[in-house]
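Please read the structure below before turning to the comments.
Throughout, read-outs are computed from the coordinates displayed, never taken from laboratory work. None of the values given here were measured: they were computed from a predicted structure. Please note: Cβ atoms are built from the backbone with ideal geometry, for glycine as well, and neighbour counts cover all protein chains shown.
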Amino acid sequence: MAQLCIALVAGEASGDILGSGLMRALKVRHPDVRFIGVGGPLMEAEGLQSYFPMERLAVMGLVEVLGRLRELLKRRKLLIQTLIEQKPDAFIGIDAPDFNLTIELKLRQAGIKTVHYVSPSVWAWRQKRVLKIRQGCDLMLTLLPFEARFYEEQGVPVRFVGHPLADTIPLECDRAAARAALGLGDGPVVALMPGSRGGEVGRLGALFLDAAQRLSERVPGVRFVLPCANASRRAQVEQMLSGRQLALTLLDGKSHQALAACDAVLIASGTATLEALLFKRPMVVAYRLAPLTYWILKRLVKSPYVSLPNLLAQRELVPELLQDAATSEALAATLAPLVRDGSLQTERFDEIHRTLRRDASNQAADAVLALLERR
């Protein structure tokens, strides 16, 4: 067999992690495989020749995208031309659907096999995108089982590969060791996780700190840890803390240690809720959006839940307090009983962890190679 050439495009850090794991698994099966495309430092370390820095694709939010739209469209057009000339055996678009789905469509029309790794939330909103996926994608690799069921119903070839976080987070973790590492000792500990982006922390940070103050009145001796994604998030939180009396430890990163150490979590909706589930920690999920955005999404979103634990269980395992329901009093009242004993909530968490723990990178590599054999 001729040397295998695989093209990959990842748009942000989470995609770089997924891509590097998949590349490692492919190299075990094909040691001389060649990788081209766009990725970050982890993918480059596995041998990817990146055509331009991945950071040029990592743009969040509608307004921010508009400022960079011309550059993004120009880069994508050039990338499509380059990849059609290079004729890789397969193209793997990792997440970044708004950028990658168009590339997949054009390359598939040019006779190149295409894979999309990580489903966009089409099952929840903008369901029409599934038509573009069906046209542009030879294979969809999903991290979650309910996503695969959705694609099967829509006639899109799909493989559920499991979630890499479920592979890396142990089935059981040592709470006492995590507390010792963070210098926390005994007594109730609650992790506050208002999100990693500036906008999220702006909307939820003060609310979470207010809820923590109210919880302190309900749960004697409770302490708090708040992992900050970076220095600017830390500065943002420190500003909100001025004048408050709160037994709070700010951490630089270390979100996994915070989850391992705590008794319960007050958390923003997002991937972090899955991490809290994998650490088997009871949680209260809260979210607030700009009122207009919330009004629009409420009409577009087809799913009854927003948090991954509830989506995975297909029922309400964890309380979700959204928008006007997310008051500091309601958050504290919902959290207090979970700090004392959250075992009722976490009963299903272990079962979900085992369902998602499938050795995702190897599953994904096998699926890609099986696709290439179907000539």
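Here the translational diffusion coefficient of the range 154-221 follows from Stokes-Einstein with Rh set to the Kirkwood radius across Cα pairs; for 37 °C and 0.692 mPa s it amounts to 205 µm²/s.
Would you please classify the overall shape of the range 246-343 from the alpha carbon gyration tensor, given that a ≥ b ≥ c denote the square roots of the eigenvalues, rounded means a/c under 1.5, and beyond that prolate means a/b larger than b/c while oblate covers the rest? Prolate, since a/c reaches 1.5 and a/b exceeds b/c. For Ser196, neighbours were defined as the other residues whose beta-carbon sits under 14 Å from its Cβ, and their charges (Lys and Arg +1, Asp and Glu -1) total +1. Each of Leu248, Leu141 was scored by other Cβ atoms within 10 Å of its Cβ. Arranged with the fewest first, they read Leu248, Leu141.
Pair-distance distribution of the range 175-355: all C-alpha pairs, bin width 5 Å, starting at 0; shares per bin in whole percent are 1, 8, 18, 22, 22, 16, 9, 3, 1, 0. Structure remark: mean-square fluctuation, Gaussian network model of the chain, C-alpha springs under 10 Å; the largest value among Gly136, Gly187, Gly40 belongs to Gly187. For the range 244-295, what class follows from the C-alpha gyration tensor (a ≥ b ≥ c being the square roots of its eigenvalues): rounded when a/c is under 1.5, otherwise prolate if a/b is larger than b/c, else oblate? Cα axes put the range 244-295 in the oblate bin.
Stretched out fully, how many nm does the piece from Glu85 to Tyr294 gain, at 0.36 nm a residue minus the Cα gap?
Working: separation 209, 0.36 × 209 = 75.24 nm, distance 4.37 nm.
My answer for the length gained is 70.9 nm.
Once the Cα atoms are used to define both axes, helix 328-340 deviates from the longest principal axis of the chain by about 90 degrees. If the segment from Arg129 to Glu55 were pulled out straight at 0.36 nm per residue, it would be longer than the present Cα-Cα gap by 24.1 nm.
Using C-alpha pairs below 8 Å separated by at least 6 residues, the relative contact order for the chain is 16 percent. Alpha-carbon geometry of the range 326-375: the Rg and the Dmax are 20.4, 60 Å, given in that order.
Where a ≥ b ≥ c are the square roots of the eigenvalues of the C-alpha gyration tensor, would you call the range 289-375 rounded, which needs a/c under 1.5, or, failing that, prolate if a/b is larger than b/c, or oblate?
Oblate shape, in that a/c is at least 1.5 and b/c is the bigger or equal ratio.
Exposure proxy for Tyr305, Tyr151: other Cβ atoms within 10 Å of each Cβ, ordered fewest to most, give Tyr305, Tyr151. With Cα atoms as the point set, the radius of gyration and Dmax of the chain evaluate to 21.7, 69 Å.
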